[in-house]
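The values are calculated or read from the model by the stated rules, or taken from the named source; none is laboratory data. The structure displayed is predicted, hence computed values, not measured ones. In this analysis, Cβ positions are derived from the backbone assuming ideal geometry, glycine residues included, and neighbour counts consider all displayed protein chains. Each accessible area value is taken on the protein alone, full model and side chains, heavy atoms only, with ligands, DNA and RNA left out. Shrake-Rupley method; radii C 1.70, N 1.55, O 1.52, S 1.80 Å.
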Amino acid sequence: MSELLKVENLCAGYGASNVLFDVNLTIREGEVATLLGRNGMGKSTLVKCLCGWLTPTAGRISFAGSEVAKAAPHVIGKLGLGLVPEGRQIFPSLTVRENLVATASTTNGKAWNLDRVVSFFPRLGERMSQLGGTLSGGEQQMLAIGRALMTNPRLLILDEATEGLAPLVRADIWRALGKLKAEKLAMLVIDKDLKALLPLADHHTGLEKGRVVITGNSVELQSQQERLHALIGV
Amino acid sequence: MSALVTHALVKRFGGVLATDHVSLTVEPGELHAIIGPNGAGKSTLIGQLAGEIASDEGSVRVLGVDVSRMPTHQRAQLGLARTYQVTQLAKEFTALDNVLLAVNARAAHNFRFWGNAHDDDAAMQKAATALAIVGMSHLHHAEVGTLAHGEQRQLEIAMALATEPKLLLLDEPLAGMSQGESAAIISLLKSLKGRYPILLVEHDMEAVFALADRVSVLVYGRIIATDTPDRIRENAEVRAAYLGDEA
Amino acid sequence: MTTQLALSQLLNGLQLGVLLFLLAAGLTLVFGIMSFVNLAHGSLYMLGAYFGAAAFANTDSFVLAIIAAVGGAGLVGLLLDRFALTKLYARDHLDQVLATFGLILFFNELIRIIWGPSSVFISAPKALGGTIDIGGFTYPSYRFAIIAAGLAVALGLYVLIQKTRVGMLIRAGATNANMVAALGVNIKWLNTLVFALGAALAGLAGVMAGPIVSVQPGMGEPVLILTLVVIIIGGLGSIRGAFFAALIVGVVDTLGRAFMPTIMRSLMERSTADAAGPALASMLIYLFMAVVLAVKPQGLFPANVAATR
Amino acid sequence: MSGTKPSSLWPVAIQWSAPRTVTAVIIIALLAVLPMIASALESSYYVSFATRVLIYALAAIGLNFILGFGGMVSLGHAMYVLLGAYAVAIPASHGVTSGFIHVALAVGVCVPLASGFGAVALRTSGIAFIMITLAFAQMLFFGAVSLKDYGGDDGLTVAARSTLGGLDLTNNTTLYYAVLVTVLLALYLSWRAVLSPFGLVLRATKSNPRRATALGHPIFRYQLTAYVASAVVCAVAGVLLANLTLFASPAYGAWTLSGELIVIVILGGLGTVFGPVVGAIILLALEETLPTLIDATLPDYKSNWMLLLGLFIFFVALLLKRGVFGSLPASVRGERSKPELP
Amino acid sequence: MHKLVVALAAAGLVSGVAFAQSSPLKIGFVGELSGPQAPLGQDQYDALMMVIEQNGGKLGGVPVQVIKEDSQLKPDVANQVVDKLLEKDKVQIITGVTFSNIMMAVHKKITDKAVFLIGSNAGPSPMAGAQCSPYFFSASWQNDNQAEVVGKYASDKGYKNVIAMAPNYQAGKDFVAGFKRSFKGGTVTDEIYTPLNQQDFSAELAQVASKKPDALYVFYPGGLGVNFVKQFQQAGLNKSITVMSTSTVDGSTLPALRDAALGMLSGTFWGPDFPNEANQKFVAAFEKKYNRIPSQYAAQGYDAALLLDSAIRKVKGKIDDKKAFHAALKAADFKSVRGNFKFGTNQFPVQDMYMFDVAKDAKGRVSLRTVAKPLVNHVDAYAAQCVMKAL
């Protein structure tokens, strides 16, 4: 499988303070990777670099064959990076349908359209003409995922997609991600729910204080329970 | 008399219930921690307690006084001091001036145009003391915008202490700190414990379980459990909600 | 007061209202999506009137005048956005107010240099030069046409904003531009599009006002202040708010001017009333705005009612 | 704790060799001797021109108090200049020429009016605050237009300058020095106020109002007080302006003048005490010399000097973030351990 | 700081240069040169400069330098520019002044300094009466004259029911008062005053239409006149209501109005079709130089220039002798384009007043045509109140 995303020696920060130090990460086509770590360890900063909101201070990011470390967000989006951001960030004053349709794109394929998203998340179908802001948290999360799918992404990034959701809703989300994996959609999942992540992901990267401190596949990771606990632990 | 009593606090944002009938108490001298995943409504709750966010339902009593309809600055004058999850400082000021601002908030005669604020020796002394408590004595004259993130977080706490609070609301004081910085703050919090009633919102479980007398778990805007740290650790519902385990 | 008089004053108010809406729509859209306060919006209105007048002088065709005004003002808007203002979008409102205040002076003088200090001539199209009769009451057909055109544009804007994908993106951009960009949309072009659209609408307002008021340097300022009042009353960033507020301001201003002197005369001595009446009428909309803001600081129709932030 | 305790007259130890201090001292010294230079050049015009500059500077000092230190962008402060001018012109038209009465009237009307306007305007913030202050100014503008007995739109001429005890204000030089002293007094007062406990809170409301409130400061009270004080300074400027021009008109309250005051504050340097004086000198000197300079090069375009002024203002906003005076270092190089004076 | 030095130095340099060249006689011109009223001031100025040019840069045989200042129709600006003329340029004569409110704001300041003010347009009533000054001469008219002639004409026509409309400022009120003074046998049923900066008269015109008067008396100078006439015509009122006006349809507005103004009446002291020799010469020269029909403002500016020319010649350029120069001005020894010209006791002209209508001239251009001469050797209403001080 070819490399879809390759992050090399990435450093980034805000103003004078550095947050990321020499981060490396590779995701191949069809692969599911995770990013582990507690809050404030640099996960969100990495996501900001990946989607172009933040320009790294050093290092390279290549995505879908292009160097994108300094590219504008929309260029990266067009290349096929689908973002499900932390806090969902759906458009509250747009209806569910509009949220899905507004930024939809077929540049990288036609697999996803309105009908398919609705059949994927039937709850959204029932809320089509409701304003995004009036949805419950779980529904907003589904909408955020649906919205990203509508851009027909080559890589889906899910930043804390289950945070703050009721257990049953979480289960729905994880089931959906499982289905996406089955379709060979490459994903980068950031979450603290190890139990759900381990069966889903092909490999994991753990961040602590802005540095990669642990990598490996699920089997390798499970053998390091102590380390894991320190990494994201309760 | 409890330092803080909330009764069935509710805040709605559009279709989302950010806080859902939250009732909790903080007893004198108690450190009560609130944990919960992002988006659970912790910051909203703090905002409601401080008066920055108007509650849709419910009541808040601070030291026996009903403050439900009181503006923020009056609650602060009652002795309710808070820190912010995202640092809120006067960026153009020096560290000392930030703390002086806090000291002066408790001064009866601050509405003065003439004397130099820096000439008030008593106030300056209090400000310096507060900075010393958080270990920033060497940074009196540093412009806040130039301070490291961790130092800014410490300054937040110094400002809260400088208001001579009767109740502390600490909103994720450890957020974004390095390990060394965290350790310093944790030992600071340990020294504060018992001297002030504290409501602590924090992600760092290690810290919470080390510090708290009681822990409340806020999920989806609701408190699903309030108990001692040990019992919370064992609570199946908490594990399910917080870690996503199927209960 | 006869019904006919009241009716024609109401139409006059509507006519002013739709012109204000054309101006307010662009201004409020630009504010909503870029958080940019453009005091020079009135200059685009003036440029539109001048472009229209120049085209009219050369072709005698009002249709060509409209095309020149809309195209010319839109182009100037596009150039402004691309080359002059981009850096200001991220700055605070104070810098924006100051910079665009400077642009007002610049454009007024530029016009004076190119077209001279006097008013220039543009007349209503011949077909609309007369009056129309509605059940025994006559009204200038040109003003009627303005109302119709203004409402048509408002409807068109409604369709554009509410029913098209560009409109969805504009609304989405107004609440979260970063997210729109991350989903693959070039927000810069969206900004430029909105700015140019707003400029074109201002140009349209300018050329439509041309046959009624004199086309002259500085004609943008009084109308700019009214427009600011409109977008503040309507709620910043809200097209719907701009529409209703424009009509309210147009009608209140016109009715105030029409009837305030009469009302004042019944209250006080005539000569005092003659002086105080028009002044009070001019104050009316500002008073109205102050009351609205005192009661609803976000305006009557805030843009993001459903926002969860 | 910091070392030596500064004297109470100069609340903070001033670095006399810092570029900002040197500049301010030179300007003040030049202003002090300006009438002598003018009389040596037989050019009395420059005395009245400099008086005008200082009056604008005074109004800008007033505005700067809330704009530079309180972060309140008022686009309506010319209305208080208007008020002050009418506080001279209206009594004067009834034969009341006492300057004390004029000032008392200006302040007496200004305080309640500004309190009311301020209380409503401070309910809003950001762009809405800008617009509501503009709206109030427009109301007062049209109010002045409606004063038919006092000239309405035309304004009214003032028969003679105010009498002020033993001071003969009809002498241009005396008026000049009266204005200069007022400006220096306003500078000193605003400097003290900025450094006072009140000023600390006021500056905090600009920097982080949320934090100031959460600490327990009733910031509304501070903002409103500052707003009223700043209005009073502008009203006094209006009293002086009417004395200089012997004329008062609604145009003194036009929104363009409010805009010019903002330009002056920013040009000089937002949040510096002396900045408004520098800003006023630069802006008015430009307005005065641009036509002459254009006349010397492109005489056909003499009346189009506003084109250049407009561009100048545009680029000031775009490029000069700290203003001319604000860009000068407030301390000597290498001694940046202490914070900069405002 | 640096900039201050530069600015002061530059200013000093310029004034130094001005002193060095102080040989020509300095005349200040103040007028509306920008904004909607600019054509008025521009015509005053153009006619003045035309005379100076015809005389080879001289007036009365003396080289003159005209310093032009734009008062922007703002009294405060006018104040400022007059200060500059008086104190910096040290002029001894000021001419022009377009609007009455500007005149009221500056005249005292000028005449108090014993500087001669030759008004070539505005003639507000206080200056003709109580506030008259030996240093002020009007080369145009007292405001009310232009309205009185229309009032007299309306009486002659037997109109019963007239509405008056004007902007809400000094001249507007003067004109309506003047119209009412000489309008006998009918009544002014309503007076409508609009703010001076108001551009849209729709609300007022609707009111007028609903009251169905015999005639409308209006005073809307310059750009305001353009707006008014266009809107009046668009409202379809020109078929039913006669418009009698002052300073509304004239040489300054007709180019922008064209056919819209046909048939409207205007009362004033002069028209381009006057047959006298001085006028024929003036109109021909003006049309040749500026390629447009001169307006009354040009005629006034021309007369003011001829007046100055005659007086300066009489004193041989020695205008420092204020008494002699005053006498020379008072003599008004020049051929006015209006025919007979002499000053009354208040130093305002005593003259005939005419009515004109808008019609096409011989070349097919829209222009003014003389229709009546209702007032002969008319003295303004305020002359009696003037106690002229001796110089």
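Odds and ends about this structure:
Table: residues versus (1) in contact with a Lys or Arg (Cβ under 6 Å, 6 or more places away or on another chain); (2) at pLDDT 90 or above; (3) closer than 30 Å to residue E:52 by Cα; (4) surrounded by fewer than 24 Cβ atoms within 10 Å (Cβ to Cβ).
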residue	(1), (2), (3), (4)
E:213	no, yes, no, yes
E:230	no, no, no, no
E:239	no, no, no, yes
E:245	no, yes, no, no
E:262	no, yes, no, yes
E:270	yes, yes, yes, no
E:279	no, yes, yes, yes
E:283	no, yes, yes, yes
E:288	no, yes, yes, yes
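- Within the stretch D:293-318, residues that are closer than 16 Å to residue E:69 by Cβ and open to solvent by less than 80 Å² (accessible area, probe 1.4 Å) reach partners that are among the aliphatic types (A, V, I, L, M) and not in a helix (DSSP H, G or I) with beta carbons closer than 7 Å, at six or more positions or on different chains, in the pairs D:303/E:33.
- Test set (1) at the interface with chain D (Cβ under 8 Å from one of its Cβ atoms); (2) farther than 18 Å from residue D:225 by Cα - residue B:110 fails condition number: (2)
- Just one of the listed residues (C:132, C:113) is assigned to a strand (DSSP E or B) and either at positive phi or surrounded by fewer than 17 Cβ atoms within 10 Å (Cβ to Cβ) (or both), namely C:132.
- Annotation: residue A:209 fulfils all but one of (1) more than 13 Å from the chain's Cα centre (by Cα); (2) over 30 Å from residue A:18 (Cα atoms); (3) facing another protein chain (nearest Cβ under 8 Å); the unmet one is (2).
- The listed residue being in contact with a Lys or Arg (Cβ under 9 Å, 6 or more places away or on another chain) and either at pLDDT 90 or above or of a type outside the set (S, T, N, Q) (or both), out of A:109, A:146: A:109
- Close Cβ contacts (under 7 Å, 6 or more residues apart or on different chains) running from residues in the stretch A:28-55 that are within 14 Å of chain B (Cβ to nearest Cβ) to residues that are among the β-branched types (Val, Ile, Thr) and open to solvent by 40 Å² or more (accessible area, probe 1.4 Å) are absent.
- Some residue of the stretch A:99-107 being part of a helix (DSSP H, G or I), away from chain B (no Cβ under 11 Å), out of contact with any Pro (no Cβ under 8 Å at 6 or more places or on another chain) and over 20 Å from residue C:169 (Cα atoms): no
- Residues being open to solvent by less than 10 Å² (accessible area, probe 1.4 Å) and out of contact with any Asp or Glu (no Cβ under 6 Å at 6 or more places or on another chain) - total across the stretch E:76-99: 11
- In the stretch C:267-277, the condition of being within 20 Å of residue C:10 (Cα to Cα) and in a helix (DSSP H, G or I) is met by at least one residue.
- Residue in the stretch C:230-245 that is under 30 Å from residue A:53 (Cβ atoms), of a type outside the set (A, V, I, L, M) and touching a Pro at 6+ places or on another chain (Cβ under 6 Å) present: yes
Rundown of residues vs (1) in a loop (DSSP other than H, G, I, E, B); (2) at pLDDT 90 or above; (3) facing chain D (nearest Cβ under 10 Å); (4) surrounded by fewer than 19 Cβ atoms within 10 Å (Cβ to Cβ), yes/no style:
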| position | (1), (2), (3), (4) |
| --- | --- |
| E:30 | no, yes, no, no |
| E:34 | yes, no, yes, no |
| E:45 | no, yes, no, no |
| E:64 | no, yes, no, no |
| E:106 | no, yes, yes, no |
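- Filter pass, residue D:167 being under 29 Å from residue D:28 (Cα atoms) and either surrounded by 19 or more Cβ atoms within 10 Å (Cβ to Cβ) or of a type in the set (A, V, I, L, M, F, W, C) (or both): yes
- Within the stretch A:84-97, the set of residues being open to solvent by less than 40 Å² (accessible area, probe 1.4 Å) and either at pLDDT 95 or above or more than 7 Å from every other protein chain (Cβ to nearest Cβ) (or both) comprises A:84, A:90, A:95, A:96.
- Of all residues in the stretch B:157-176, none satisfies being open to solvent by 10 Å² or more (accessible area, probe 1.4 Å), part of a helix (DSSP H, G or I) and more than 29 Å from residue B:74 (Cβ to Cβ).
- Residue selection: residue E:72 fails the criterion of being open to solvent by 30 Å² or more (accessible area, probe 1.4 Å), modelled with pLDDT of 90 or more and more than 7 Å from every other protein chain (Cβ to nearest Cβ).
- Residue match in the stretch A:203-218 (condition: closer than 20 Å to residue B:239 by Cβ, touching a helix residue (DSSP H, G or I) at 6+ places or on another chain (Cβ under 7 Å) and part of a helix (DSSP H, G or I)): no
- Restricting the first member to the stretch E:299-324 and to residues that are open to solvent by 30 Å² or more (accessible area, probe 1.4 Å), and the second to residues that are in a helix (DSSP H, G or I), the beta-carbon pairs closer than 7 Å and six or more apart or on different chains are E:306/E:51; E:314/E:328.
- Yes/no for residue C:183 being away from chain D (no Cβ under 14 Å), open to solvent by less than 10 Å² (accessible area, probe 1.4 Å) and of a type outside the set (Lys, Arg): yes
- In the stretch D:14-43, the qualifying residues are those that are small (Gly, Ala, Ser) and outside any helix (DSSP H, G or I), and the one that is farthest from the other protein chains (Cβ to nearest Cβ) is D:17.
- Test: residue in the stretch C:85-104 that is of a type in the set (Gly, Ala, Ser), under 22 Å from the mean Cα position of the chain (by Cα) and within 30 Å of residue C:191 (Cα to Cα): yes
- Single unsatisfied condition, residue D:217 versus (1) in a helix (DSSP H, G or I); (2) at pLDDT 90 or above: (1)
- Unique residue being part of a helix (DSSP H, G or I), away from chain C (no Cβ under 14 Å) and open to solvent by less than 20 Å² (accessible area, probe 1.4 Å) when the list is D:226, D:144: D:226
- If you go through the stretch C:235-245 and keep only what is within 12 Å of another protein chain (Cβ to nearest Cβ), assigned to a helix (DSSP H, G or I) and open to solvent by less than 10 Å² (accessible area, probe 1.4 Å), you end up with nothing.
- Among the residues of the stretch B:1-26, those that are open to solvent by 20 Å² or more (accessible area, probe 1.4 Å) and not in a strand (DSSP E or B) comprise B:1, B:2, B:14, B:15.
- All positions within the stretch D:44-60 that are open to solvent by 10 Å² or more (accessible area, probe 1.4 Å) and either free of Cβ contacts under 8 Å to residues at least 60 places away in the same chain or more than 10 Å from every other protein chain (Cβ to nearest Cβ) (or both): D:45, D:46, D:56
- Any hit, the stretch D:255-274, residues being facing chain B (nearest Cβ under 9 Å), in contact (Cβ under 8 Å) with a residue 40 or more places away in the chain, assigned to a helix (DSSP H, G or I) and in contact with a Ser or Thr (Cβ under 9 Å, 6 or more places away or on another chain): no
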